[in-house]
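Working notes for the structure below.
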Amino acid sequence: MTNSGLLYEGKAKKMFETDDPNVLRVEYLDQVTALNGARKDITTGKAILNNQITAFIFEQFKQKNIQTHFIKKISKNEQLVEKLEIIPLEVVIRNSSAGSFAKRLAVLEGQPLEFPVLEFYYKDDSLNDPIINDDHVKILKIATEQEIATIKREGHIINQALITLFKEIGIRLIDFKVEFGRRKDGSILLADEITPDTCRLWDEKTNAHLDKDVYRKNIGEIVPVYQEVLDRLENTFY
Ligand code: ADP
Ligand code: UDP
């Protein structure tokens, strides 16, 4: 695969222009990172798994009338998506305490939260993706009040759909991150990816981590764990 038409090379994916100005080709990478890219490794097989897992989840969302940028998977590690103007927010929704929430607020990891907690992080590597509130989003002109409302509403719908999906395969959805983008007509839809890189997924029975925390915490190999998530999805839903 050449890099011709490369628009952006990120930590987990490369984004390419296509003949259609409204369509991007996404190439998933085997690279895994932590600490905003400061720690980096190659894990052969992750790209194929994440491409399949995202495609699977976005196809499920289509059936539930949740709109996403996903068009189709075109190879083992590539998919086509609608090109959007990405809103530079990492929208995190938490059902149980973990990660930065557990640390910052001293809430025991794994503690279920009374209601899903939605947080915004400003997607800016030079600032280290700081947590921000609605006023910050508005004052920085990242999104309008109406767009914030849409993002929150969609975020909670996505959370409920994911909780249900993962529950069916014996997984507890602890938290996850999503990104949204604008179409030219101003409508907002789910973009980027939903994979074990962007979710915390705990086995319902054993509390084993089935996500990137295996890498973050240095407690094992991620590829077999991501494969387990895909196998459970495929065995349950096909
Ligand atoms: P990062 O930028 O954090 O290193 P990735 O390696 O996943 O992340 O790069 C993918 C990039 O593509 C992200 O910056 C993401 O916001 C952007 N992106 C995702 N979906 C779309 C889309 N539909 N249109 C345009 N850009 C997108
Ligand atoms: N997350 C992500 N990308 C990021 C930061 C976080 O996908 O750049 C996901 C992460 O996998 C977890 C959720 O967002 O599912 C909440 O992450 P947290 O704020 O706890 O940050 P972390 O401690 O993982 O950096």
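Computed from the coordinates by the stated procedures, all read-outs in this text should not be read as laboratory data. As the structure is a computational prediction, the values presented were derived from the model and not from experiment. Cβ coordinates were reconstructed from backbone atoms using ideal geometry, including for glycine residues, and neighbour counts include every protein chain displayed.
Here are the numbers for this structure:
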read-out: The stretch 119-129 - phi-based ³J(HN,Hα) in whole Hz, Karplus 6.51/-1.76/1.60, Gly and Pro as x; value: 10, 10, 10, 7, 6, 8, 4, 5, 9, 6, 6
read-out: Spacing of the two label points (7 Å from each Cα toward its C-beta) at Leu113 and Lys184, in nm; value: 3.7 nm
read-out: Cα convex hull of the stretch 1-103, projected area averaged across orientations, nm²; value: 8.3 nm²
read-out: Set of lysines with alpha-carbon distance to Lys83 below 16 Å, sequence-local pairs under 8 removed; value: Lys13, Lys14, Lys72, Lys73, Lys184
read-out: Contour excess over end-to-end distance, with Cα ends at Phe237 and Thr164 and 0.36 nm allotted per residue; value: 25.0 nm
read-out: The chain - Rg over Rh from alpha carbon coordinates, Kirkwood radius; value: 0.93
read-out: Net charge of Cβ neighbours under 14 Å - reference Val32; Lys, Arg +1; Asp, Glu -1; value: +1
read-out: Rounded Å value of the spacing that divides the Cα centres of the stretch 34-82 and the stretch 189-224; value: 14 Å
read-out: By average C-beta atoms within 10 angstrom, highest first, the peptides 186-198, 158-170; value: 186-198, 158-170
read-out: Cβ-defined net charge surrounding Arg153, 15 Å radius [Lys, Arg +1; Asp, Glu -1]; value: -2
read-out: Residue exposure sequence - Lys62, Lys212 - by fewest surrounding Cβ within 10 Å; value: Lys62, Lys212
read-out: Label-point gap, in nm, between Glu221 and Leu35 - each point 7 angstrom along Cα→Cβ; value: 2.4 nm
